[in-house]
Structure formats: C-alpha cells, structure tokens
Amino acid sequence: MNKILIVEDDSFTKEFYRLIFNRAGIEYVMEDDGDKLMTILYTEDIGLVILDVNLTATFLNGEKTDGIKICGLIKNDEKLKNIPVLLITSYNFYNNEYELVENSKADKYMTKPIVDYDKFVRSIKEMMDQKSDG
C-alpha cells in the first residue's frame, strides 16, 4: 500500500493523525513545509494526500499558502493529478469558504472534528484502493 502524505501544521491535529494511522497500521509521512511536500509528491509513492484547508504556517516558494492552493497545484499537475486529495476543513456549510472547498478539485472533503475514527480510516482506505484500481 502506498503512503499517505499528511499536510497539517497544527500540533494537536498532527498527534491525532499519528495515533489514528499508527493504530491502523497505515504508513504516512507528515509535512507542513510547502517546498518539502512538493518534493515528497514527486519522489515518493504517495497514494493519498490529506490536506488541511486552513494552514497557518505553511509556505511554498517563500509565500504563505493554504490547502486550497496546494490542492490546485496537485490537481493541475500532469504527474500528480491522479493522487486522491482529501481536504479536511473546520468550515461549516454556512461559510463562504465552503464554496472554495467545493471548487477545489479535491476528491473528497471532511469537516472537523473527526469523531468516528473507524469510519475515517475506512474512508482513507477506500480512497487509496480507488487510486490503485485506476
């Protein structure tokens, strides 16, 4: 099974992912540096990207970036566009930002907080299986 690339800059959420994916036995790499994460995408066998929408401390090419912009870079790149992207957002359905998530070209999105861990892991595995079938 390919690795998951987790793009998250919040330490509490990083720990949440560590616990969930270690328990599930899923291999992952976590990165919040935009330049490094792009290198990982080009050099490692990534089966899924979990991408926080609201990155507060992530920079790419010296400029602050967010999950929507990174998702666009992935989905508009010939080499990367087939990697599934799961956007994680704390935005609710009444915010204007919801439309940005809808139009991001992400394969799927989920809202925080994630409370059903088993459902979350099943969803991750399904997305990765779809990529390997395609």
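Descriptive notes on the structure:
- Within segment 56-69, residues that are more than 12 Å from Glu31 (Cα to Cα) sit with their Cβ atoms under 8 Å from residues that are open to solvent by 30 Å² or more (accessible area, probe 1.4 Å) and in a strand (DSSP E or B), at 6+ positions apart or across chains, in these pairs: Thr65/Phe59.
- Filter result (under 24 Å from Met38 (Cα atoms), among the basic types (Lys, Arg) and modelled with pLDDT of 80 or more) within segment 110-134: Lys125
- The single residue among Asp107, Asp77, Asp66 that is surrounded by 12 or more Cβ atoms within 10 Å (Cβ to Cβ), modelled with pLDDT of 95 or more and on the phi < 0 side of the Ramachandran plot turns out to be Asp77.
- Residue in segment 15-35 that is touching a residue at least 60 places away in the same chain (Cβ under 8 Å) and touching a Gly at 6+ places or on another chain (Cβ under 8 Å) present: no
- Checked against (1) modelled with pLDDT under 85; (2) open to solvent by 50 Å² or more (accessible area, probe 1.4 Å); (3) assigned to a helix (DSSP H, G or I), Val101 passes all but condition (2).
- Segment 4-58 - residue that is hydroxyl-bearing (Ser, Thr, Tyr) and exposed (fewer than 15 other Cβ atoms within 10 Å of the Cβ) and, of those, modelled with the lowest pLDDT: Thr56
The values are calculated or read from the model by the stated rules, or taken from the named source; none is laboratory data. Predicted, not measured: the structure shown is a model, and the values here were computed from it. FYI the Cβ positions are ideal-geometry reconstructions off the backbone, even for glycines, and counts take in every protein chain you see. In case anyone asks, the SASA skips ligands and DNA or RNA and just uses the protein heavy atoms, side chains included. Shrake-Rupley method; radii C 1.70, N 1.55, O 1.52, S 1.80 Å.
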